[in-house]
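Visitor: Please read through the structure below; I'll follow up with questions.
The values are calculated or read from the model by the stated rules, or taken from the named source; none is laboratory data. These numbers were taken from a predicted model, which means no experiment stands behind them. Reconstructed Cβ throughout: ideal geometry from the backbone, glycine too, with neighbour counts over all protein chains shown. SASA here: full protein model, heavy atoms, side chains in, ligands and nucleic acids out. Shrake-Rupley method; radii C 1.70, N 1.55, O 1.52, S 1.80 Å.
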Amino acid sequence: MLTISVTSIAATEDPSSTADVSPRILRLMTRRRVIESIDGNVLPMRNAMLFRRKGQFWLDILRPGRYMCVLMFWGLMTLLFMTLLAKFALLNTLHDLNLDRSEFITARSVEISIRTNKLITEGDNIIISEYKETPLPLKLTLPDIWTKPNADLYYKCVQRSSKDIISGEPTNGYILVHSNGGLNQMKIGISDMVAIAKVMNATLVLPSLDHNSFWTDPSDFKDIFDWKHFVEYLEEDISVVDHLPPAYASIKPLQRAPVSYSKASYYSNQMSSLMKKHKVINFTHTDSRLANNGLPNPIQRLRCRAMYEALKFTDEILELADKLITRLRDDDKPFIALHLRYEKDMLAFTGCSHNLSKAEDEELRQLRRSVRHWKEKHINGEERRRQGVCPMTPREVAVFLEAIGFPSDTKIYIVAGNIYGQDGVKALQDKYPNIYTHSNLATEDELSPFNNRQNKLAAVDYTVALESDVFVFTYDGNMAKAVQGHRKYEGFRKTIIPDKKNFVKLIDRMDKGLISWEEFSMKVKILHANRTGGAVLRKPGKVVKSEESFYANPYPGCICEK
């Protein structure tokens with residue numbers, strides 16, 4: 001049986017022993033109680049006074065005028081915090097629900113594109129069919145085929161700073177320029193020469209144009225470009241003259257082909273030393289003479305000012321281009337500018353002859369052998385096509401545009417020369433009958449000043465392509481680079497960039513009956529959802545020749561974020 005005795009500690013001790021204990025300690029000793037168990041262990045027992053004190057504490061807390069104000073204050077602060085948190089959560093939800101349609105679809109398309117592109121490129125077998133599209137509400141199923149990428153966050157940044165303006169110091173010498181190639185190759189080269197003249201502190205003589213290229217166009221600089229505007233626009237950057245001054249006219253120019261893809265230091269050191277010695281240098285080649293990346297910002301901005309602002313076409317060219325654009329938009333409907341580079345010279349150069357006859361293939365081979373500066377003579381055209389480096393055929397373009405979603409009544413303006421092959425553009429025209437060129441859209445009288453002037457006609461086509469609602473190119477040549485870069489510079493106008501390597505795999509599988517049209521079309525849409533000419537940073541590459549061209553994408557350099 002458990003016996004419990006509760007006693008006062010003071011009572012069990014000799015009363016005389018408490019005489020030396022202070023009253024405070026004695027009160028504590030008399031208040032402490034213990035409980036003794038059967039085995040003699042002693043445990044403390046809470047005093048009833050403690051419970052009374054705790055009760056008194058809560059009464060004090062709730063007593064008006066003391067702690068109640070503090071509690072109410074912190075309670076209101078907590079309530080306010082929770083209200084603000086709920087408000088922001090609600091606003092974010094409403095914002096998500098009211099996203100702009102195109103922005104929603106773009107973000108979604110990018111996500112799908114990232115997932116499916118990985119599947120498409122896994123070996124030769126396309127297994128993208130394993131991906132199942134999640135149905136969306138009807139109004140969000142597909143983006144508008146004419147909608148341009150969002151450019152609200154970007155702006156042109158090509159202004160020159162005060163320290164970049166020439167100060168009138170004597171020139172180190174004169175640069176003569178012989179531009180080589182077609183119109184757009186020469187245009188890109190001249191823009192580089194402007195920047196090089198700046199680096200070398202040299203005076204640029206108005207460039208001469210190539211008259212011996214495939215087109216043998218006799219037009220010169222003043223026939224194609226507004227030369228007075230060119231000189232005046234660049235007057236704060238470099239000095240440009242019409243011809244060598246008399247004091248230098250008798251000097252024999254030093255002939256040089258600058259090293260391709262060179263940095264600014266190459267021209268400020270090596271080339272400048274030669275100029276100071278010889279006074280006049282003739283650059284015999286202008287194509288790709290400056291690196292795409294790694295140049296000072298003022299030089300990059302100058303390249304853009306030269307390319308997109310200074311090199312303005314003559315009024316004659318711009319007036320004809322404006323007439324063609326007006327006729328294309330006479331019913332207020334948008335149109336496509338198509339750079340269908342399925343031309344004889346390009347097919348011979350690349351060795352691509354898909355869908356051509358044996359006789360046509362042999363004709364291309366003979367042309368390739370006859371041009372000395374084309375290094376490659378024996379080319380496997382089918383392998384090139386699988387690598388995605390061949391121009392698309394007219395039939396491939398028709399299938400591509402239909403798969404993207406362009407209706408058959410879409411107007412297409414072809415910015416290229418004569419399409420090669422006995423069938424020509426027939427395969428495209430069968431699907432899209434509204435095919436136009438400068439030849440069938442302009443009158444004979446309007447075209448008469450342009451007879452045998454292919455570079456002038458190319459300038460007309462360039463202007464139409466720049467102003468088109470959508471630009472599509474089938475080969476990544478100089479015109480494709482120049483136009484798409486200019487369209488980005490002008491606010492990221494829509495440019496569809498075909499993924500030819502994966503597209504040819506898809507169309508070949510469809511032709512073999514391995515996938516249906518519906519499946520093919522869906523995959524083409526997904527594959528190109530994020531290939532519309534939007535703001536994608538140009539990145540340096542391991543090999544300079546394979547880098548993205550500065551003129552195809554002047555961001556960064558001439559386009560900045562707000």
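Visitor: Tell me yes or no: at least one residue of the range 198-212 is among the basic types (Lys, Arg), surrounded by fewer than 22 Cβ atoms within 10 Å (Cβ to Cβ) and not assigned by the TED database to the domain that holds Arg453.
Guide: Going through the range 198-212, the residues among the basic types (Lys, Arg) turn out to be 198.
Add one more test, that the residue is surrounded by fewer than 22 Cβ atoms within 10 Å (Cβ to Cβ), and what stays is none.
No, the conditions are met nowhere in the range 198-212.
Okay, residues lined up against (1) more than 23 Å from Ile317 (Cα to Cα); (2) among the aliphatic types (A, V, I, L, M):
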residue	(1), (2)
Lys228	no, no
Val231	no, yes
Val241	yes, yes
Tyr248	yes, no
Ser265	yes, no
Met275	yes, yes
His278	yes, no
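Visitor: Return only the number of the condition from (1) without any contact (Cβ under 8 Å) to a residue 40 or more places away in the chain; (2) in contact with a Pro (Cβ under 6 Å, 6 or more places away or on another chain); (3) not basic (Lys, Arg) that Glu382 does not satisfy.
Guide: (2)
Visitor: Here is a check on your reading of the model: is Gly513 on the phi > 0 side of the Ramachandran plot and free of Cβ contacts under 8 Å to residues at least 12 places away in the same chain? Walk me through how you get there before you give the answer.
Guide: Numbers: on the phi > 0 side of the Ramachandran plot: yes; free of Cβ contacts under 8 Å to residues at least 12 places away in the same chain: yes.
Yes; evaluated as a whole, the condition is true for this residue.
Visitor: List the residue pairs whose Cβ atoms are under 6 Å apart, where the first residue sits in the range 539-562 and is more than 17 Å from Asn297 (Cα to Cα), the second is of a type in the set (D, E, K, R) and assigned to a loop (DSSP other than H, G, I, E, B), and the two are 6 or more positions apart or on different chains.
Guide: Close Cβ pairs satisfying both conditions: Gly541/Glu547; Glu548/Arg538.
Visitor: Tell me, which helices (runs of 4 or more DSSP H) lie completely within the range 304-392 with 3 or more residues that are out of contact with any Gly (no Cβ under 6 Å at 6 or more places or on another chain), closer than 25 Å to Ile435 by Cα and open to solvent by 50 Å² or more (accessible area, probe 1.4 Å)? Break it down stepwise before answering.
Guide: Numbers: elements: 315-328, 344-350, 358-370, 381-386.
Passing ranges, in order: 315-328.
Visitor: Among (1) assigned to a helix (DSSP H, G or I); (2) in contact (Cβ under 8 Å) with a residue 60 or more places away in the chain, which single condition is Asn180 missing?
Guide: Going through the list (1) assigned to a helix (DSSP H, G or I); (2) in contact (Cβ under 8 Å) with a residue 60 or more places away in the chain, Asn180 breaks only (1).
Visitor: Return a yes/no flag: does the range 403-418 have any residue that is touching a Pro at 6+ places or on another chain (Cβ under 7 Å) and either at pLDDT 90 or above or of a type in the set (Val, Ile, Thr) (or both).
Guide: If we filter the range 403-418 for residues that are touching a Pro at 6+ places or on another chain (Cβ under 7 Å), which is where we start, we get none.
The answer is no, given that none of the residues of the range 403-418 is touching a Pro at 6+ places or on another chain (Cβ under 7 Å) and either at pLDDT 90 or above or of a type in the set (Val, Ile, Thr) (or both).
Visitor: I need the helices (runs of 4 or more DSSP H) fully contained in the range 437-551, keeping only those with at least 3 residues that are open to solvent by less than 20 Å² (accessible area, probe 1.4 Å) and over 26 Å from Tyr413 (Cβ atoms). Show your work before the answer.
Guide: On the way: elements: 438-441, 444-447, 454-467, 478-489, 500-511, 517-527.
Hits in the range 437-551: 517-527.
Visitor: Out of the range 142-180, which residues are more than 24 Å from Glu467 (Cβ to Cβ), in contact with a Ser or Thr (Cβ under 9 Å, 6 or more places away or on another chain) and open to solvent by less than 60 Å² (accessible area, probe 1.4 Å)?
Guide: Result: Thr171, Asn172, Gly173, Tyr174, Ile175, Leu176, Val177, Ser179, Asn180.
Visitor: Suppose we keep only residues that are at pLDDT 95 or above and outside any helix (DSSP H, G or I) within the range 213-234. Which one would you say is most open to solvent (accessible area, probe 1.4 Å)?
Guide: My answer is Asp226.
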